[in-house]
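What follows draws every value from the coordinates through simple rules; no lab data is involved. Model, not experiment: these values are computed from the prediction. Note that each Cβ is placed from the backbone with ideal geometry, even for glycine, and that neighbours are counted across all protein chains shown.
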Amino acid sequence: MNPQHSSLEQRAKAPDAQLTALSTETDVSINDVKTSYRRWAGVYDAVFGAVLEDGRRKLLAHVNTLKPARLLEMGVGTGLLLPKYPSDTEVIGVDISDDMLALARQRIAKHNLSRTSVQLDDCEKLSFDTASFDCVVLPYILSVTPRPRALIDEAIRVCKPDGHIIIANHFSGSKTWAALEKIAAPVAAKIGFRSSFSYDEHIVQTPLKVVSLERANLLGLSKVVVSKPS
Ligand SMILES: C[S@@+](CC[C@H](N)C(=O)[O-])C[C@H]1O[C@@H](n2cnc3c(N)ncnc32)[C@H](O)[C@@H]1O
């Protein structure tokens, strides 16, 4: 999640969560993520719908160009993107939060999405076969999951070698932004996300081959990364 894009007023309306800081790969568990999103689910669309929409829209533009036969959305949440994928694409959304998935299922029913389904699973260790998707998308999950590298490795495993992996996420920016992120860190820790998240560490130092990169969201604090699995 990238709540740094939400206003203080929105944060004040957020659930009274004393959540675990996501400052390292090891200090948060998948149960912490479930607890966090149990609290966020009811207000997620209101707080993080519009504010992160630019990144979703840019990610979606790539999907629409690629027109994949089979797509996996990791961390599908309440399913904000589900009605917008190409109608011919078979879409599977995975999330670890039952509460978020309940809202995604309501959206699937509301929009009568016959080629779309969602399921409960941990994206760091998926039950899908190797090379089973033409496209794997990661909208705003990478800096939330306990072990981002394990999640990237799993995206690479389930993506076909000639497929695409598309990531939308907040990444740490310039020195000025890095200073602001440090100031934001104590607040960020309380509401359960990593305020500083390195592009180098989480993208460059992985096997992903970046095809394109664009800025997104307020002040360009997020990036949309189109990549190949190797
Ligand atoms: C910030 S929300 C993003 C939701 C949606 N993709 C969007 O664009 O708004 C992050 C989601 O990732 C899920 N999540 C985090 N780590 C996960 C994991 N390891 N496996 C499955 N879901 C995970 C959370 O439960 C949450 O629903």
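Here the Karplus relation 6.51 cos²θ - 1.76 cosθ + 1.60, evaluated at θ = phi - 60°, turns the backbone of the stretch 51-59 into coupling constants of 5, 10, 5, 4, x, 4, 5, 5, 4 Hz, with x for every Gly and Pro. Can you work out the PRE-style zone for residue 115? Point 7 Å along Cα to Cβ, and I want the residues of the stretch 130-169 with backbone N under 12 Å. Within reach of a label on residue 115: no residues. Between beta-carbons, use under 11 Å as the cut-off and find the net charge around residue 127, counting Lys and Arg +1, Asp and Glu -1. With Lys, Arg at +1 and Asp, Glu at -1, the net is -3. Packing here is the average count of other Cβ atoms within 10 Å per residue, and on that basis the peptides 42-50, 204-212, highest first, run 42-50, 204-212.
Checked against a 24 Å cut-off, the cross-linked pairs 58/160; 84/209; 84/223 give Cα-Cα distances beyond that limit for 84/209.
Within the shell of other residues whose beta carbon sits under 11 angstrom from the beta carbon of residue 81, the net charge comes to +2, with Lys and Arg scored +1 and Asp and Glu -1. Sorting the segments 156-163, 95-102 by their mean number of nearby beta carbons within 10 angstrom, highest to lowest, gives 95-102, 156-163.
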